[in-house]
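A.B. asks: First the structure, which I've put down as structure tokens, then a few questions once you've had a look.
Derivation of every value follows stated rules applied to the coordinates shown; laboratory data play no part. Remember, it's a predicted structure, so these values are computed and weren't measured experimentally. Note that each Cβ is placed from the backbone with ideal geometry, even for glycine, and that neighbours are counted across all protein chains shown.
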Amino acid sequence: MKIICIGRNYTEHAAELNNPVPKEPVVFLKPETAIKLPKLPFFLPDFSEDVHYELEVVVRINRLGKNIQEQFAHKYYEELSVGIDFTARDLQNELKQKGLPWEKAKGFDSSAVVGHFIAKSKFNSVQDIPFSLEKNGTTVQQGNTKDMLFGIDQIISHISKYFTLKIGDLIYTGTPSGVGKVVAGDVLSGYLDGVKSFEFAVK
Ligand code: ZN
């Protein structure tokens, strides 16, 4: 199983980090060990002073595929969830400045949170789903999949040119604006279409 993440997929988030709007999806991977176990809190890593949440819609692949055409991409997933792409922003900035890969800042243990999955048939359109994050009971980030630069089917088609997709692979589809720092004691709750998908504490 692998975790494939899309960067800069919402214009306003690209702008808040002073990144250009991309012409094709920005893609990076996290290892399988990045998955946070649902019952555990998120433990802040000791190598960062600035860990950010990035709330993202997550797609689970349910069919083996390579070179998937966009018009058939919808056949490769049945369920969606919402999750967090935790990012050690200070380390990421350091690596970006040096032109080095981001993996240490993005792929560390427990950096991939994922909530409960919901069948896509429950939604009128996968490209019109609101999602939001509460921190200590206050909404801190919200988005809608209709604002993606590259839609889910486009993303699946693009990444399957490079990586064979396997059953169980997760795709993090990018974060809207409103990313921010977490500190010990915070409680984060994620909502997909108004339904709570996950909740955990930061330690
Ligand atoms: Zn992200």
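A.B. asks: Of PHE198, VAL58, ALA105, which is farthest on the positive side of the dipole of the chain, counting Cα position, with +1 on Lys and Arg Cβ, -1 on Asp and Glu Cβ, and the Cα centre as origin?
C.D. replies: Of PHE198, VAL58, ALA105, it is VAL58.
A.B. asks: A further question on this structure: Taking 8 Å as the Cα distance limit and 6 or more residues as the minimum spacing, I'd like the relative contact order of region 31-101 as a percentage.
C.D. replies: 37
A.B. asks: Also: Under a 10 Å cutoff between Cα atoms, tell me which one of TYR76, TYR172, TYR53 has the largest fluctuation in the Gaussian network model of the chain.
C.D. replies: The residue that fluctuates most here is TYR76.
A.B. asks: Which of the lysines could a cross-linker span from LYS146 if the Cα-Cα distance has to be under 17 Å and same-chain partners fewer than 8 positions apart are dropped?
C.D. replies: LYS146 reaches LYS120, LYS122.
A.B. asks: Multiply the residue gap between PHE123 and ASN93 by 0.36 nm, knock off their C-alpha separation, and tell me the result in nm, one decimal place.
C.D. replies: 7.1 nm
A.B. asks: Let me ask you something else. LYS104 versus LYS196, label points 7 Å from Cα toward the beta carbon: distance in nm?
C.D. replies: If labels sit at LYS104 and LYS196, their model points lie 3.8 nm apart.
A.B. asks: Can you tell me the Rg and the Dmax, both Å, for the Cα atoms in region 3-201?
C.D. replies: Radius of gyration, then largest Cα-Cα span, for region 3-201: 15.7, 45 Å.
A.B. asks: Follow-up question, since we're still on this one. Using +1 on the beta carbon of Lys and Arg, -1 on that of Asp and Glu, and nothing else charged, what's the dipole of region 3-201 about the Cα centre, debye to 20?
C.D. replies: Dipole about the Cα centre, nearest 20: 560 debye.
A.B. asks: Lysine pairs in region 1-97 with alpha-carbon atoms under 16 Å apart, 8 or more places apart or on different chains: how many are there?
C.D. replies: Close lysine pairs found across region 1-97: 4.
A.B. asks: Between region 130-203 and region 17-87, how many Å separate their Cα centres?
C.D. replies: Using only Cα atoms to place each centre, the spacing works out to 7 Å.
A.B. asks: What number, rounded to the nearest 500 deg cm²/dmol, is the helix-based mean residue ellipticity at 222 nm of the chain, given -39500 (n - 2.57) per DSSP H run of at least four residues and division by all its residues?
C.D. replies: It lands at -3500 deg cm²/dmol.
A.B. asks: Rounded to the nearest 5, what % of DSSP beta bridges with both residues in region 3-201 are antiparallel?
C.D. replies: Here the antiparallel bridges make up roughly 90 percent for region 3-201.
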